[in-house]
Amino acid sequence: GGQVVFRGSEISNTGLAESLKKQGVVFSDFVSALREHGDLVRRFIGRAVPPEEGKFSALASAMVDSGIFVYVPRNVDVTLPLHSVLWSPGVWEGRFTHVLVVLEEGASATYVHETASPTAADGQAMHVGTVELIVGDAARLTFVELQSWGQHVWNFTHERCRVGRDAQIDWIFGAVGSHLTKNFSELDLDGQGSTGRMSGFYFADGVQHLDHDTQQNHNAANTTSDLLFKGALKDRSRSVWQGMIYVAKDAQKSDGYQANRNLNLSSQSRADSIPGLEILADDVRCTHGATVGQLEEEHVFYLMSRGLPRPEAERLVVDGFFDPIMQRIPFEGVRDRLKAEVTAKMG
């Protein structure tokens, strides 16, 4: 496939298989893409997330200093995953990123994008990001985004995927970092027969506050969306998930589902879960659910009865809680690293 690695706004490593380049695939840092593929970028930029979406999207648009551009031409199949890492150490600075992914009709790709930094002992930093995913008719995209910012970072993102006729998006989120995150993620099923799956996991500790605001828009008939977000919380941390399924007036035969499951591992942590439905059509199937609970003592007791000490038993239960979503991440090394971060948070 290909890989791009940033340190701040500087590119330290980039590469794309020659066979993909010959087929017209573009996988580039955003600044180089504006210079080398400007007409292509301008054709699609702002189509999913316009700058006027909100004050942070306007700020990201005005100040963008790094990001990624992915373009897959019609009927091209990118079989090996693409991978990018934005590594941004430092304090008292802002990072403004734009990720634009375009799949033309009949194309397919898998892409993993990571944002990360070490936690600074003193000082603060900010990341403001825009993510635009455009999936053409009959195209298939798997997009994994993993947020591991240091716990001194304030993180704000606007993200949207537009899905064409008979197309498919598998969108996986992971969040274990930042001091505060406010994330707007929107799925627009614009074409008949389109399908979207949104899978998320988050683990907060200390005084972290992770807020994910999701929207599933059924804008055409015979569309399907499926959302599952799972979270665990320790110490005095807090999570907010607010989700909405919207079904337009003419979007008959839509099928929408959303669920949020939370594990409170501390009496001082708090999870707010706010599902919602707005249905204007009359021939649909839409369901939602949310739970907030503690570790199942029976499960922990069972593992302890088999000889595991309690901390190890609790870690194993939490690992099993997250595993269905972890398995959707296509890189084993990335999965292992995230599992290590979960283990570290468990103490």
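Of all residues in region 106-137, those being modelled with pLDDT under 95 and of a type in the set (A, V, I, L, M) number 4.
Of all residues in region 137-151, exactly one satisfies the criterion of being buried (at least 23 other Cβ atoms within 10 Å of the Cβ) and more than 25 Å from LYS339 (Cα to Cα), namely ALA139. Considering region 266-311, and only residues there that are in contact with a strand residue (DSSP E or B) (Cβ under 6 Å, 6 or more places away or on another chain) and among the β-branched types (Val, Ile, Thr), the residue that is farthest from GLY243 (Cα to Cα) turns out to be VAL284. Considering region 192-202, and only residues there that are open to solvent by less than 10 Å² (accessible area, probe 1.4 Å) and in contact with a Ser or Thr (Cβ under 9 Å, 6 or more places away or on another chain), the residue that is farthest from LEU233 (Cα to Cα) turns out to be SER194. Residues of region 108-135 that are more than 22 Å from PHE229 (Cα to Cα) and either open to solvent by 20 Å² or more (accessible area, probe 1.4 Å) or among the aromatic types (Phe, Trp, Tyr) (or both): PRO118, THR119, ALA120, ALA121, ASP122, GLY123, GLN124, MET126. If the condition is being part of a loop (DSSP other than H, G, I, E, B) and closer than 21 Å to THR119 by Cβ, then region 71-105 contributes SER88, PRO89, GLY90, VAL91, TRP92, GLU93.
With respect to TRP154, is the statement that it is open to solvent by 20 Å² or more (accessible area, probe 1.4 Å) and not in a loop (DSSP other than H, G, I, E, B) true? For TRP154, the condition - open to solvent by 20 Å² or more (accessible area, probe 1.4 Å) and not in a loop (DSSP other than H, G, I, E, B) - is met.
The values are calculated or read from the model by the stated rules, or taken from the named source; none is laboratory data. Bear in mind that the values here come from a model prediction, so they are computed numbers and not experimental data. With ideal geometry, Cβ positions are generated from the backbone for all residues, glycine too; neighbour counts draw on all protein chains shown. SASA here: full protein model, heavy atoms, side chains in, ligands and nucleic acids out. Shrake-Rupley method; radii C 1.70, N 1.55, O 1.52, S 1.80 Å.
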